[in-house]
Amino acid sequence: MKDIYFLTISRENTALSTQPHLMLCGENISFLNPILKNSTLIEQSEDFFTMKVTFFKGSRFSQTLESKVLCSETKLFCNKNQLPECKYPCLGKVVIATEIKQIDVELIKNISWFIRGSETLKQESLKELPNEWRIIDGRGMALLEKYPQSLKQSCRQLFLVMLGLAYYYALQQINEELSRVLAKSDNTSELDQLYSDASIFNASYYFYNPIEFSRYATFRTWQDVREAYHLEQKNKEITSQLAQVHQILSYTEQKNEQILDKLRDKKIAWFAGIISALSLFEVIDVIKNWFS
C-alpha cells in the first residue's frame, strides 16, 4: 500500500455560485448526463478528494455537499482509537487506498473501524474488479485501487457517492415537507405547490442512470451507489405518495366545486322565484286597475 485516505461527506448550507466550466480533477465531466451536468457546480482543491458540490441548482430541492480528507497516511493504524475523529455531522465516510497488492486483515479492520465503528466488515464483502476492490453501502465507500495513477477514477467514484447522497437527501426533503404540510389544516395551496415542484424535480433532475453507458467502469460504480441508497425504491415510494395526495386533492376540489354549483343553482332558483312572484304581483295590480 502506498497511501490511505480517510474522508467524510457532509452537508453544506451555502450553495456554490455559477462557474464558467464544470471540471472534475482538472478535466471536463464527460460521463454525466448533460441535463444534470448543467445543474451541477464543483469547487475542488488540488488534492482531488476535498471538494464542494452543488447538485440540482435552481431546484427547490438543491443539495450542496462537501468531502473532506480527515487524514492521509502511508501506514495503517494499530487500533480503533488512533483513527481520526469526525467532530461534525457527516452523511457518509469514505476510505481510499492506493496501490494495493493484496488485502490483509489489518486493512479490513481500518476500513471497518472508520466507516462502521466496528469490526463487522468482512473481506468477502468487497467486490473485486479489474482495477480495484470496492464496497459501497449506506454508510459510505471503501475503494482499494490496485494500480498507480488511478486517483482521477477514485475521485469520480467519490463524486458519484456524493451524487447518490444528494439524491437521497433531496427525496428525503420532499418526504419531510410533505409530512409537514399534511399536518396543517389549510394546506391545499402548499400541497399543490409541493406536488408541482417535486414533479419538476423528478422530471428534470432525477435519472435512473445519469452516467453514460460507454463509461462502463463509472457506470458500474453508479449501479452500486443506486442500490446502496435504495434510490429507485425511495423515488417510487415518494412519487406514489405524492400522486395519491394530489389525487385526493383533485377529488376534494371537484366535490367542493359540485357543492358550490348546487348552492349557486339554489340561489339562482330562489332569486328567480322571487322575481316571478314580484312579476305576478304586478300583473295582479294591473288587472285590478282594469276593473276598478
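The values are calculated or read from the model by the stated rules, or taken from the named source; none is laboratory data. Here the structure is a predicted model, which means the values were calculated and not measured. With ideal geometry, Cβ positions are generated from the backbone for all residues, glycine too; neighbour counts draw on all protein chains shown. Just the protein is used for accessible areas: all its heavy atoms, side chains included, with ligands, DNA and RNA removed. Shrake-Rupley method; radii C 1.70, N 1.55, O 1.52, S 1.80 Å.
Values computed for the structure shown
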quantity	calculated
Count of the range 24-43 residues which are hydroxyl-bearing (Ser, Thr, Tyr) and either touching a residue at least 24 places away in the same chain (Cβ under 8 Å) or touching a helix residue (DSSP H, G or I) at 6+ places or on another chain (Cβ under 6 Å) (or both)	2
Residue among 2, 75, 52 that alone is among the charged types (D, E, K, R), open to solvent by 20 Å² or more (accessible area, probe 1.4 Å) and touching a Leu at 6+ places or on another chain (Cβ under 9 Å)	52
The range 96-121 residues that are within 24 Å of residue 68 (Cβ to Cβ), paired with ones that are assigned to a helix (DSSP H, G or I) and open to solvent by less than 20 Å² (accessible area, probe 1.4 Å) (beta carbon under 7 Å, 6 or more apart)	96/154; 97/107; 118/112; 121/108; 121/111; 121/112
Count of the range 185-238 residues which are among the β-branched types (Val, Ile, Thr), within 20 Å of residue 62 (Cα to Cα) and open to solvent by less than 60 Å² (accessible area, probe 1.4 Å)	3
Restricting the range 173-184 to residues that are in contact (Cβ under 8 Å) with a residue 12 or more places away in the chain and either closer than 23 Å to residue 58 by Cβ or acidic (Asp, Glu) (or both), the residue that is surrounded by the most Cβ atoms within 10 Å (Cβ to Cβ)	174
Residue in the range 21-34 that is in a strand (DSSP E or B) and surrounded by 15 or more Cβ atoms within 10 Å (Cβ to Cβ) present	yes
Verdict on residue 84 being open to solvent by 50 Å² or more (accessible area, probe 1.4 Å) and touching a residue at least 40 places away in the same chain (Cβ under 8 Å)	no
Residue among 154, 250 that is surrounded by 16 or more Cβ atoms within 10 Å (Cβ to Cβ), out of contact with any Cys (no Cβ under 6 Å at 6 or more places or on another chain), modelled with pLDDT under 95 and among the small types (Gly, Ala, Ser)	154
Failed criterion for residue 217 (all others in (1) closer than 23 Å to residue 140 by Cα; (2) of a type in the set (Gly, Ala, Ser); (3) modelled with pLDDT of 90 or more hold)	(3)
Residue within the range 60-69 that is surrounded by 12 or more Cβ atoms within 10 Å (Cβ to Cβ), at pLDDT below 90, of a type outside the set (D, E, K, R) and on the phi < 0 side of the Ramachandran plot present	no
